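This report concerns only the one structure given below.
What follows is calculated from the coordinates using simple rules that are stated; it is not laboratory data. Since the model is a prediction, treat every value here as computed from it, not as a measurement. All Cβ positions, glycine included, derive from the backbone under ideal geometry; neighbour counts span all protein chains shown.
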Amino acid sequence: MPYIGRMIESELIESCIANDRLAQKELYDRYKKAMYTVAYRITGEYDLANDVLQDAFINIFRALPKFRRESTLGAWIKTIVVRAALKKIKKKPKEESLEDYHTGHLVDWGDHLQAEYLEQAILALPEGYRSVFVLIEVEGYSHKEVGDMLGISTGTSKSQLFYAKRKLRDMLDRY
């Protein structure tokens, strides 16, 4: 099927599976911004998020023939991106802690809390807290799903979220 304009999802999937490069570019273009945001919120680093996005889309195109359409394409892609991001941060050297980069670094919140400041505060959370917070509060996953993705118990997920929220409140209260 030749590429003509913006394809509907089922046509796009079939064209990507058939190795239509224009369709693959369209799929990438449709989802890259949202998926980069997910990757960045989990990793907390621009370059690492770009690496995640690249790895994830390679995996997406390889796995697309196995996509069973039990969820939306976007939800399926997001799951792959989240897993790729979690895999990347697990591979980071342990001595490289985000807490080390943010200790003592105070952000001037100004008179009003704006979205960009909240985003900076979330990125300042320790890696485990940030991952759980983003997956549950931003991406809408359940504690069970997060536990499965991170290889932790539901109770640990709940605990991490509790401490992440408390740490965020403390950071925001100081400003």
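I'd like to check which helices (runs of 4 or more DSSP H) are fully inside region 1-78 and have at least 3 residues that are among the acidic types (Asp, Glu).
Details: elements: 9-17, 21-43, 46-63.
Fully inside region 1-78 and qualifying: 9-17, 46-63.
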Looking only at region 124-175, filter to residues that are under 16 Å from the mean Cα position of the chain (by Cα) and not in a helix (DSSP H, G or I); which one of those is surrounded by the fewest Cβ atoms within 10 Å (Cβ to Cβ)?
Gly140
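Regarding region 5-25, can at least one residue be identified that is among the basic types (Lys, Arg) and within 16 Å of Trp76 (Cα to Cα)?
Step one: of region 5-25, the residues among the basic types (Lys, Arg) are 6, 21, 25.
Within this subset, residues satisfying the condition of being within 16 Å of Trp76 (Cα to Cα) are none.
No; the residues of region 5-25 include none that is among the basic types (Lys, Arg) and within 16 Å of Trp76 (Cα to Cα).
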Condition first: among the charged types (D, E, K, R) and over 19 Å from Val82 (Cα atoms). Now tell me which residues in region 134-175 satisfy that.
Lys165, Arg166, Lys167, Arg169, Asp170, Asp173, Arg174
List the pairs whose first member sits in region 154-175 and is within 15 Å of Leu123 (Cβ to Cβ), whose second member is hydroxyl-bearing (Ser, Thr, Tyr), and whose Cβ atoms are under 7 Å apart, counting only residues at least 6 apart or on separate chains?
Ala164/Tyr129; Lys167/Tyr129
